[in-house]
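What follows is a short report on a single structure.
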Amino acid sequence: MEIEKRIRIDGTNPVVLFGFNDAHLRIIEERFDASIIARGESVLIRGEDAIVDQIEKVLKELVFIVNKTDSLSDRDVNTVIDIMTSGSSPELSPDDLDNVVLYAKKDYIKAKTPGQINYLRTIRENELVFAIGPAGTGKTYLAVAAAAAALRKHEVLKIVLTRPAVEAGESLGFLPGDFREKVDPYLRPLYDALDDMLPAEKLKSYIERRTIEIVPLAYMRGRTLNNAFIILDEAQNATSMQMKMFLTRMGANSRAIITGDITQIDLPARSVSGLVEIQEVLTGVEGVGFQYFDKSDVVRHRLVKNIIDAYERFAGEQNG
């Protein structure tokens, strides 16, 4: 049944919300096959009952973004529509959204799958979080985003990002350059994530002042990190002793996230992965949360899911 509904947008900049020549409203109209008319500080929506309800939810999300950032792009509008219509993102209260939504430069980062939503909630509720799952599920990216948000809100004074520099098929000794140049390729994904989230000059300043540190895991020994957000990436390649060393670096008012994929361990055959072992060691410990991802949480190119499926089938055939 077709209905008509007026929605007020008091307290929001309508020029930013509607876009130049109401371009944002035109995007919503095309995506939902409805009619939207802007009238001052309200909009009039005409369409099927269920569609009008969806458009109202989209508008509320967009109002939230405008009020937080005073900006809105066509990409933002399409992203919100994708999330709200995917069926994977439950309706969230404004308070919940304030914690879940993370802002990167002028774009905004939001959990896109049920696993990612639960991941961010687990981060909020625990001081130490382990994120385990396949590539492309957003484990590292969302961890870095959460760290950047905590720094921006002055919840911590610094961010420390680290990875084990495991020789995955290459020998560091034969790579050109000094030690920093040799380990840089291992740390590059962390730089890339930060580059997405912070303006270039601010990121450069943070690194120069050591507000943000990106270091190999071996450099963590002997340190105590207070008021810090610490992330250990590719933790499946940390040994049992390295994992213990890393976890005992946490000081007062510090938080840590450990990410990894236990199906891609590059350690020598006789070495025990600290990420595999820690799942038993810390079971039931208060303040520690575990988030497990699977291929349904993959948000990279659609082929990534197909590749994971293919490898699973191949492994099954080899074992069978």
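The values are calculated or read from the model by the stated rules, or taken from the named source; none is laboratory data. Bear in mind the structure is a predicted one, so any value in this text is a computation, not a measurement. Positions of Cβ are generated from backbone atoms using ideal geometry, with glycine treated the same way; all protein chains shown enter the neighbour counts. Only protein heavy atoms, including side chains, enter the accessible area calculation; ligands, DNA and RNA are left aside. Shrake-Rupley method; radii C 1.70, N 1.55, O 1.52, S 1.80 Å.
Every residue in segment 124-140 that is part of a helix (DSSP H, G or I) and crowded, with 22+ Cβ neighbours inside 10 Å, please. Passing the criteria: Lys139, Thr140. Of all the numbered requirements in (1) among the hydrophobic types (A, V, I, L, M, F, W, C); (2) in contact (Cβ under 8 Å) with a residue 40 or more places away in the chain; (3) open to solvent by less than 10 Å² (accessible area, probe 1.4 Å), Leu247 misses one, and that requirement is (3).
Scanning segment 32-59 for residues that are of a type outside the set (A, V, I, L, M), surrounded by fewer than 18 Cβ atoms within 10 Å (Cβ to Cβ) and part of a helix (DSSP H, G or I) yields Asp49, Asp53, Glu56, Lys57. Considering segment 195-211, the residues that are of a type outside the set (D, E, K, R) and in contact (Cβ under 8 Å) with a residue 60 or more places away in the chain include one that is surrounded by the fewest Cβ atoms within 10 Å (Cβ to Cβ), namely Pro199. Kindly indicate the residue of segment 236-275 that is in contact with a Ser or Thr (Cβ under 6 Å, 6 or more places away or on another chain) and of a type in the set (Gly, Ala, Ser) and also nearest to Leu190 (Cα to Cα) among those meeting that condition. Residue satisfying both the conditions and the ranking: Gly274.
This table checks each residue for (1) at pLDDT 85 or above; (2) of a type in the set (Val, Ile, Thr); (3) within 24 Å of Ile212 (Cα to Cα).
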position	(1), (2), (3)
Val101	no, yes, yes
Lys112	no, no, no
Ala135	no, no, no
Ala147	yes, no, yes
Val156	yes, yes, yes
Thr162	yes, yes, yes
Val166	no, yes, yes
Glu170	no, no, no
Asp178	no, no, yes
